[in-house]
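Just below is one structure, and these are the notes that go with it.
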Amino acid sequence: MPVTFRPELEPLRPYVPPKSWRMAAEGTDDKNYAKLTSNELAFGPLPEALAALTEVLPRANRYPDSHVSRLRGVIADANSGAAPANILVGNGSSEVLMNLLQLLPGSGEIVFPWPSFSLYPMICAVLGMAARPVSLTDKNELDADALLSAVTGETRAMILCNPNNPSGTYLSLDQVRDLADRLPDEVLLILDEAYVEFVDDPSYENSHTVALERENVVVARTFSKAHGLAGLRVGYGIAGNRIADYAERVRFPVSVNLAAQVAATASMLARDKVKARAEFVIAERNRLQAAFAAASLEFIPSQGNFIMVRFRAGDFEAAGVLVREGEALGYPGWSRVTVGDLWENDRVIGALGAATKVVEKGA
Ligand SMILES: *Cc1c(COP(=O)(O)O)cnc(C)c1O
């Protein structure tokens, strides 16, 4: 008789990484591709973060501060009204999300928009909770009314990815507040703001106050995107004291490693530079969207550092650009293109011309 495993794990399969990750792992990475699959920043960590890493690595034989005090302090300083006791930390915001769902009584339902981040249904399955995906509107918008209608007596949490990966669409801060106000108090609202730095709507600023003002709302953010630290794995959350206190109860004592702590701290202290980089990404996002429009391609106007466009991943790859295949994201025939550096974005635009020329030749 084999060991009995939990039946809800039966449908789960290991994560299938994008092609660029596989190539790097296999050492077949020939550096000839623009790697725009995973919404990473095109630039390395800030010099401030690199300096902090160099300084601390010789001490890697020691455990780091298990409480992550310094990083919590600088995150609190960067978010008005937040104290260190309001800050959650984790090994990537993935772990912050996992810790939050671990707080909830088992076997309930989790409501989230769909298509969205593939981690949500995965965590639900691992924790034995029922995923309740709610379709985006036919304009690919987050549908607050439909999300609220999906809430039942069994609903424990709603996860709102805002801006949403992969659609790039978002709810304004007023819409988020309205949704939070209409949600029953006993349902946890998790606002996944992995891409918040790329929102160019000034009224979205200080969105963390939605969480500080309410007992049932938490904001999750990451150093993996705008801060360019995806490889170090560090994320954070902002919430009222009660949520933050409970989240700390389930967190592994040393979940955030030494390198991640010091690099994230240095990067948050240099956040003006992070902001300047995000502004570059926003300008380049506009340039790519204009190019898609000029090529008469359907695309979804985005508030993230990525754009969904109706153009095949294979046609991008033929032009030396690796993107996330739309098939994997619920958009067959589309691609999700991460905004890269100038050179990479030029190549994306070049791919559109190359494919158009092939069509003309064939016609
Ligand atoms: C990239 C991303 C994250 C970040 O995950 P990390 O674990 O912090 O690297 C979180 N949520 C969404 C929707 C993402 O796309």
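Things to note:
- Residues that are farther than 20 Å from residue 82 by Cα and in contact with a strand residue (DSSP E or B) (Cβ under 6 Å, 6 or more places away or on another chain), drawn from segment 237-263: 255, 256
- Taking the criterion of being in contact with a helix residue (DSSP H, G or I) (Cβ under 8 Å, 6 or more places away or on another chain) and surrounded by 16 or more Cβ atoms within 10 Å (Cβ to Cβ), the residues of segment 106-117 that qualify are 110, 111, 112, 113, 115.
- Residue 296, sole failed condition from (1) of a type outside the set (A, V, I, L, M); (2) open to solvent by 30 Å² or more (accessible area, probe 1.4 Å); (3) in the same structural domain as residue 190 (by TED's automatic domain parsing); (4) in a loop (DSSP other than H, G, I, E, B): (3)
- Residues that are among the small types (Gly, Ala, Ser) and within 19 Å of the chain's Cα centre (by Cα) within segment 84-130 comprise 90, 92, 93, 94, 116, 118, listed in sequence order.
- The selection criterion, being of a type in the set (A, V, I, L, M, F, W, C) and surrounded by fewer than 20 Cβ atoms within 10 Å (Cβ to Cβ), does not hold for residue 183.
- Members of segment 155-170 that are open to solvent by 10 Å² or more (accessible area, probe 1.4 Å) and part of a strand (DSSP E or B): 156
- Residue within segment 12-35 that is touching a His at 6+ places or on another chain (Cβ under 7 Å), crowded, with 19+ Cβ neighbours inside 10 Å, touching a residue at least 24 places away in the same chain (Cβ under 8 Å) and not hydrophobic (A, V, I, L, M, F, W, C) present: no
- Any strands (runs of 3 or more DSSP E) falling wholly within segment 2-119 and containing at least 3 residues that are at pLDDT 95 or above and either among the hydroxyl-bearing types (Ser, Thr, Tyr) or within 16 Å of the ligand (Cβ to nearest atom) (or both): 87-90, 109-114
- Some residue of segment 309-318 being in a helix (DSSP H, G or I), more than 26 Å from residue 44 (Cβ to Cβ), of a type in the set (Gly, Ala, Ser) and free of Cβ contacts under 8 Å to residues at least 40 places away in the same chain: yes
- When we screen 148, 173, 101 for residues that are of a type in the set (A, V, I, L, M), open to solvent by less than 50 Å² (accessible area, probe 1.4 Å) and in contact with a strand residue (DSSP E or B) (Cβ under 7 Å, 6 or more places away or on another chain), the only hit is 101.
- Residue match in segment 340-352 (condition: in contact with a helix residue (DSSP H, G or I) (Cβ under 9 Å, 6 or more places away or on another chain) and within 24 Å of residue 161 (Cα to Cα)): yes
- The residue that is surrounded by the most Cβ atoms within 10 Å (Cβ to Cβ), counting only those in segment 219-269 that are under 21 Å from residue 340 (Cα atoms) and of a type in the set (Gly, Ala, Ser), is 267.
- Exactly one residue out of 130, 78 is more than 19 Å from residue 225 (Cβ to Cβ) and small (Gly, Ala, Ser), and it is 130.
The values are calculated or read from the model by the stated rules, or taken from the named source; none is laboratory data. Note that the structure is a prediction, hence the values are computed from the model and not measured. As a convention, Cβ positions derive from the backbone with ideal geometry for all residues, glycine included, and neighbour counts pool all protein chains shown. SASA here: full protein model, heavy atoms, side chains in, ligands and nucleic acids out. Shrake-Rupley method; radii C 1.70, N 1.55, O 1.52, S 1.80 Å.
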